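Working notes, beginning with the structure itself.
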Amino acid sequence: MGLVSVQENGNTEVGVNNKYRRMDSQTNDDDFGDDYDASQHHHQMERRRTTRKFVFACSVFASLNNVLLGYDVGVMSGAILFIQEDLNITEVQEELLVGILSVVSLLGSLGGGRTSDAIGRKWTMGLAAIVFQAGAAIMTLAPSFEVLMIGRILAGVGIGFGVMIAPVYIAEISPTIIRGSLTSFPEIFINLGILLGYVSNYTFSGLPAHTNWRIMLAVGILPSVFIAFALCIIPESPRWLVMQNRVDEARSVLLKTNENEAEVEERLAEIQLAAGLNNGEEKAVWRELLNPSPALCRMLITGFGIQCFQQITGIDATVYYSPEIFKSAGITDNTKLLAATVAVGVTKTAFILIAILLIDKVGRKPLLYVSTIGMTMCLFSLGAALSFFGQGSFGIALAILSVCGNVAFFSVGMGPVCWVVTSEIFPLRVRAQASALGAVGNRVCSGFVAMSFLSVSRAITVGGTFFIFSAFSALSVAFVYKFIPETKGKSLEEIELLFQDGYELQGSEVQLGDVEHLVQKE
């Protein structure tokens with residue numbers, strides 16, 4: 001009853017009064033109707049600009065942790081060359097050092113879901129930065145392989161926290177119309193971090209081997225300073241606040257992040273209903289995830305599956321071991337190897353902008369089709385370049401082109417859209433921990449690929465390994481066709497309907513219902 005009265009008050013003051021006054025002004029030309037309409041339009045446009053700037057800033061700040069992940073991935077590809085020289089580590093230790101971060105980060109992702117439900121999305125980001133910073137400091141000062149591994153494990157836990165929480169937070173504060181673009185920001189910042197890591201490799205490679213890799217790793221601490229500043233600015237997720245029954249605070253955040261004031265109470269009511277506060281549903285999240293309903297089971301298959309396919313198609317192998325790949329193609333000079341990896345980083349970062357511009361216009365699924373098909377062709381051509389064209393100039397050119405093409409197609413779709421879809425599809429009550437499960441699948445597959453790449457490539461050649469990746473990429477096309485729904489233009493609460501009656505209804509009844517819902521709002 002309290003909710004209804006609040007909603008009525010909200011509509012009377014903000015929506016209905018304005019509506020009647022606009023009608024009145026249109027029928028009484030002698031009054032100040034034109035001036036009032038102009039004033040209202042100016043107010044709405046000004047509010048839209050202010051709201052979008054605020055949400056944009058929150059999304060940028062929330063994505064800063066992802067710079068840490070990207071930087072670590074990028075910088076380790078070059079730093080490992082000098083760590084090998086300085087600490088005399090074996091090939092197995094090299095694989096372990098590179099891959100352990102992905103495996104351990106699953107602990108952070110698992111803990112991150114529960115932590116973010118307990119202390120909030122915002123402060124989970126802060127915790128992620130602190131843990132990563134401690135790990136990076138230990139790695140920078142590490143005198144031995146064992147100490148280096150301790151720092152790497154800590155950094156992995158911090159990255160696990162950060163990777164799963166940023167897309168969830170951004171999806172929960174973003175207006176529906178631009179949610180896809182904003183939820184892609186974490187992937188942009190991962191790419192930016194990778195590029196910065198590559199540039200750091202190239203910049204410090206001329207220093208002595210005992211010093212250069214330590215400086216490369218130390219630079220990764222710097223983004224934490226900006227994260228501390230960001231936490232003083234960004235608000236808590238309104239959906240988390242509703243889960244804590246802090247409805248007034250949630251309303252305040254929605255007023256800052258929603259372009260239309262009249263929709264705030266309606267959106268708040270939707271969130272409360274989704275959170276189960278209105279009907280008193282209290283079901284243990286993990287019990288629900290372990291014994292899911294048919295609809296939730298479909299969501300878990302979609303979320304977990306796309307996260308696994310993102311990694312088993314070999315993107316981390318391409319990024320971590322790009323110097324090894326180019327060495328197999330015939331490039332031998334370390335400086336030229338690192339320069340080639342910078343070109344990969346620039347390509348990967350540049351093409352993410354295409355996804356940002358198109359994801360809310362053409363939709364998630366078309367981008368995934370372009371991405372997975374393009375990756376399949378590039379991975380196959382890379383396998384062919386390394387297997388059949390020796391170490392001549394044509395083989396080198398084809399290898400570089402194929403690697404750049406692979407990361408470009410990844411950035412257009414599979415990279416950002418994977419995180420967008422995972423953050424959108426789950427019901428509010430299980431969103432954080434279900435997203436964490438998806439992130440765990442991502443990190444496990446990433447770790448498996450990173451820790452086995454050198455061994456597998458020694459057994460079946462580097463080219464043969466990329467033929468396997470191309471086969472997995474071809475399977476991902478079929479997975480997108482069968483299991484990924486189109487979520488463009490739907491609120492988080494509406495997306496749940498897509499999974500209620502099975503995937504076959506996505507194109508008809510569900511979308512018709514959404515249209516009716518939007519017409520009623522008008």
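If you filter the stretch 446-493 down to residues that are part of a loop (DSSP other than H, G, I, E, B) and small (Gly, Ala, Ser), you find that the one that is farthest from Pro427 (Cα to Cα) is Gly489.
When the residues of the stretch 217-235 are narrowed to those that are assigned to a loop (DSSP other than H, G, I, E, B) and either open to solvent by 10 Å² or more (accessible area, probe 1.4 Å) or not β-branched (Val, Ile, Thr) (or both), which ends up farthest from Gly135 (Cα to Cα)? Spell out how you get there, then give the answer.
If we filter the stretch 217-235 for residues that are assigned to a loop (DSSP other than H, G, I, E, B), which is where we start, we get 222, 232-235.
Within this subset, residues satisfying the condition of being either open to solvent by 10 Å² or more (accessible area, probe 1.4 Å) or not β-branched (Val, Ile, Thr) (or both) are 222, 232-233, 235.
On the way: Leu222: 13, Cys232: 23, Ile233: 26, Pro235: 27 Å.
Per the criteria, the residue is Pro235.
For the stretch 201-216, the tally of residues that are assigned to a helix (DSSP H, G or I) and open to solvent by 10 Å² or more (accessible area, probe 1.4 Å) stands at 8. Does Ala57 satisfy being part of a helix (DSSP H, G or I) and in contact with a Phe, Trp or Tyr (Cβ under 6 Å, 6 or more places away or on another chain)? No, not satisfied.
In the stretch 359-395, of all residues being among the hydrophobic types (A, V, I, L, M, F, W, C) and open to solvent by 40 Å² or more (accessible area, probe 1.4 Å), the one that is farthest from Phe466 (Cα to Cα) corresponds to Val362. Quick check, is Cys404 closer than 19 Å to Glu324 by Cβ, in the same structural domain as Lys361 (by the TED database) and either open to solvent by less than 10 Å² (accessible area, probe 1.4 Å) or touching a Ser or Thr at 6+ places or on another chain (Cβ under 6 Å) (or both)? When the stated conditions are applied, Cys404 passes them. Check whether at least one residue in the stretch 178-196 is among the basic types (Lys, Arg), more than 22 Å from Ala432 (Cα to Cα) and assigned to a helix (DSSP H, G or I), and report yes or no. No - not one qualifying residue is present in the stretch 178-196. Number of residues in the stretch 211-226 that are under 18 Å from Gly156 (Cα atoms) and without any contact (Cβ under 8 Å) to a residue 24 or more places away in the chain equals 1.
Residues of the stretch 170-201 being hydroxyl-bearing (Ser, Thr, Tyr) and touching a Pro at 6+ places or on another chain (Cβ under 7 Å), which ones? Correct list: Thr183, Ser184. With respect to (1) more than 29 Å from Leu386 (Cα to Cα); (2) touching a helix residue (DSSP H, G or I) at 6+ places or on another chain (Cβ under 8 Å), the lone exception for Ile306 is condition (1). Note on the stretch 105-125: residues that are open to solvent by 10 Å² or more (accessible area, probe 1.4 Å) and within 20 Å of the chain's Cα centre (by Cα) amount to 9.
Name every residue in the stretch 68-89 that is under 21 Å from Val103 (Cβ atoms) and either hydrophobic (A, V, I, L, M, F, W, C) or more than 24 Å from the chain's Cα centre (by Cα) (or both), in order of residue number. Within the stretch 68-89, Leu68, Leu69, Val73, Val75, Met76, Ala79, Ile80, Ile83, Gln84, Leu87, Ile89 meet the criteria. Anything in the stretch 407-433 that is at pLDDT 85 or above, farther than 17 Å from Phe469 by Cα and open to solvent by 10 Å² or more (accessible area, probe 1.4 Å)? List them, or say none. Within the stretch 407-433, Val412 is the sole residue that qualifies. Looking only at residues in the stretch 453-464 that are out of contact with any Leu (no Cβ under 9 Å at 6 or more places or on another chain) and open to solvent by less than 30 Å² (accessible area, probe 1.4 Å), the one that is nearest to Cys308 (Cα to Cα) is Phe453. On the basis of being modelled with pLDDT under 85, touching a helix residue (DSSP H, G or I) at 6+ places or on another chain (Cβ under 9 Å) and open to solvent by less than 40 Å² (accessible area, probe 1.4 Å), does Ile356 make the cut? The answer is yes for Ile356.
Within the stretch 138-181, the set of residues being open to solvent by less than 20 Å² (accessible area, probe 1.4 Å) and β-branched (Val, Ile, Thr) comprises Ile159, Val163, Ile165, Val168, Ile170, Ile173. Being in contact with a helix residue (DSSP H, G or I) (Cβ under 7 Å, 6 or more places away or on another chain), part of a helix (DSSP H, G or I) and either modelled with pLDDT of 90 or more or in the same structural domain as Trp286 (by the TED database) (or both) is a property that Ile100 lacks. In the stretch 217-274, the qualifying residues are those that are polar (S, T, N, Q) and over 23 Å from the mean Cα position of the chain (by Cα), and the one that is nearest to Met139 (Cα to Cα) is Gln244.
The values are calculated or read from the model by the stated rules, or taken from the named source; none is laboratory data. Since this is a predicted model, take the numbers as computed values, not measurements. Note: ideal-geometry Cβ built from the backbone for every residue, glycine included; neighbour counts use all protein chains shown. What goes into the accessible areas is simple: the full protein's heavy atoms, side chains included, and nothing from ligands, DNA or RNA. Shrake-Rupley method; radii C 1.70, N 1.55, O 1.52, S 1.80 Å.
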